[in-house]
Amino acid sequence: MRLHGLLRMAKTPCRSRSLNFIDIGANLSDAVYKGVYNGKQCHEDDLEQVLNRAYQHNVQKVIITGGSLKDSQAALNIAKLKDNLYCTVGCHPTRSLEFEKDGQDPENYLQELISLANENKNKVVAVGEMGLDFDRLHFAPKEAQIKYFRKQMDLISATNLPVFFHCRAAHPEFISVVSKYRDNIPRGVVHSFTGTKEEATAILDLGLYIGINGCSLKTQENIDVMCTIPSNRLMIETDCPYCEIRQTHAGFKYIKTQFVSKKKERYDPEFCVKTRNEPCTIIQVLEVMSGARQENEDDLADIIYKNTLDFFF
């Protein structure tokens, strides 16, 4: 009965072979995977079902994003549940003020991040999510974001782990900081990229990789930029529960795999929850990319999978 549910939850095209995926950015510590939306319990904790759907669609590994000290610990706790779950440790730019929350010494916060990463290297595969986000300055002002982005360069040096970067509406400042500390960065990927061709070129010129998800494929301009990025510098992600590919998005026309979903008020564990993204939908990201780039789906999937293994593992 369980298998029947998994098979009927998606409409998938016939393929000559299975495609393998690694979701490099999944926010699985979000309360929605416990069934909580805006503080209200709408259904049971269904993380296990979410992971089962991912595995059914050939997601081999999932990297759970850490966005603060508390969030990183939560991500680590989830990563410890299964052998193929991993996580990052770091502080998202919108949470930069947590470094000095309640008058604490920012150095103490940094040292706790360092300890968490270094003591769990079997599960922590990158530091981050770190960077700059000038779209949401109501959470943290520019000065604080830049200050604690620079401070997290010590997190990189102390762990020697790859970096999971975030950059939104802050490209010049982001490039300035990363350029200054580039020699101390083993490897880096700028996730959820939505920038211009020129911005992509600047990132690539620094030797960084670029992560693509549904938000990277909203407009035709987004897609045109994605098509210019060399395949050997690409990775893919869902950034779930955000960044689903919607019917209004320019990339939607390339999607071949459709997932049946139900509203949270009519929750059914056999189906995805409407508007809540999941790792299983990473196949749709690949379908849009291969369709728009006019590249063989199998070949592109293999290249991206190898990129990701070499980068994180």
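The values are calculated or read from the model by the stated rules, or taken from the named source; none is laboratory data. Source: prediction; values computed, not measured. Here Cβ is always computed from backbone atoms with ideal geometry, including for glycine, and neighbour counts include all displayed protein chains.
Every condition in (1) without any contact (Cβ under 8 Å) to a residue 60 or more places away in the chain; (2) basic (Lys, Arg); (3) closer than 30 Å to VAL285 by Cβ holds for LYS147 except the one numbered (3).
Report yes if some residue within the stretch 183-198 is of a type in the set (Val, Ile, Thr) and part of a helix (DSSP H, G or I); otherwise report no. Talk me through it step by step, then tell me what you get.
Initial filter on the stretch 183-198 (of a type in the set (Val, Ile, Thr)): 185, 189-190, 194, 196.
When the remaining residues are screened for being part of a helix (DSSP H, G or I), the result is none.
For the stretch 183-198, residues of a type in the set (Val, Ile, Thr) and part of a helix (DSSP H, G or I): absent.
Out of LYS264, LYS306, report the one residue that is modelled with pLDDT of 95 or more and more than 27 Å from PHE165 (Cβ to Cβ). It would help to see each step written out before you state the result.
Values: LYS306 fails: more than 27 Å from PHE165 (Cβ to Cβ).
Of the residues listed, the single one that is modelled with pLDDT of 95 or more and more than 27 Å from PHE165 (Cβ to Cβ) is LYS264.
Which condition from (1) modelled with pLDDT of 95 or more; (2) part of a loop (DSSP other than H, G, I, E, B) is the one that GLN49 breaks? The failed condition is (2).
When GLN104 is tested against (1) closer than 22 Å to THR159 by Cα; (2) at pLDDT below 95, only condition (1) is not met.
Conditions tested, residue by residue: (1) more than 22 Å from HIS138 (Cβ to Cβ); (2) surrounded by fewer than 16 Cβ atoms within 10 Å (Cβ to Cβ); (3) among the charged types (D, E, K, R).
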site	(1), (2), (3)
LEU81	yes, yes, no
LEU85	yes, no, no
VAL89	yes, no, no
HIS92	no, no, no
ASN118	yes, yes, no
LYS123	yes, no, yes
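Cβ separations smaller than 8 Å between residues 6+ apart or across chains give the following pairs from the stretch 232-259 residues that are farther than 28 Å from ALA31 by Cβ to residues that are surrounded by fewer than 16 Cβ atoms within 10 Å (Cβ to Cβ): ALA250/THR219; ALA250/GLN220; LYS256/THR12; LYS256/PRO13.
Residues in the stretch 51-70 that are among the basic types (Lys, Arg) and touching a residue at least 12 places away in the same chain (Cβ under 8 Å): ARG53, LYS61.
When the stretch 125-155 is limited to residues that are of a type outside the set (D, E, K, R) and under 18 Å from the mean Cα position of the chain (by Cα), the one that is surrounded by the fewest Cβ atoms within 10 Å (Cβ to Cβ) turns out to be VAL125. Identify the residue in the stretch 100-136 that is in a loop (DSSP other than H, G, I, E, B) and among the acidic types (Asp, Glu) and, among all such residues, is farthest from PHE311 (Cα to Cα). Applying the filter and picking the extreme gives ASP105. Screening the stretch 173-201 for residues that are under 22 Å from ALA144 (Cβ atoms) and of a type in the set (S, T, N, Q) and picking the one that is nearest to the chain's Cα centre (by Cα) gives SER192.
Matching residues to (1) touching a strand residue (DSSP E or B) at 6+ places or on another chain (Cβ under 8 Å); (2) of a type outside the set (A, V, I, L, M, F, W, C):
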| position | (1), (2) |
| --- | --- |
| ASN52 | no, yes |
| VAL62 | yes, no |
| ALA74 | no, no |
| ILE78 | yes, no |
| CYS91 | yes, no |
| ASP102 | no, yes |
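For CYS14, the conditions (1) over 20 Å from LYS264 (Cα atoms); (2) surrounded by fewer than 16 Cβ atoms within 10 Å (Cβ to Cβ); (3) modelled with pLDDT of 95 or more; (4) not aromatic (Phe, Trp, Tyr) all hold with the exception of (3).
Selection of first residues in the stretch 191-209 that are more than 17 Å from ASP133 (Cα to Cα) and of second residues that are surrounded by 14 or more Cβ atoms within 10 Å (Cβ to Cβ) and of a type in the set (Phe, Trp, Tyr), restricted to Cβ pairs under 8 Å at least 6 apart or on distinct chains, gives the following pairs, ordered by first then second residue: LEU208/PHE165; TYR209/PHE311. Among the residues of the stretch 246-271, those that are under 19 Å from LEU51 (Cα atoms) and not charged (D, E, K, R) comprise THR257, GLN258, PHE259, VAL260, SER261, TYR267, PRO269, PHE271. Just so you know, in the stretch 237-271 the residues that are among the charged types (D, E, K, R) and farther than 24 Å from LYS40 by Cβ include one that is surrounded by the fewest Cβ atoms within 10 Å (Cβ to Cβ), and it is LYS253. Residues of the stretch 270-313 being of a type in the set (Val, Ile, Thr) and touching a His at 6+ places or on another chain (Cβ under 6 Å), which ones? Of everything in the stretch 270-313, just one residue is of a type in the set (Val, Ile, Thr) and touching a His at 6+ places or on another chain (Cβ under 6 Å), namely ILE283.
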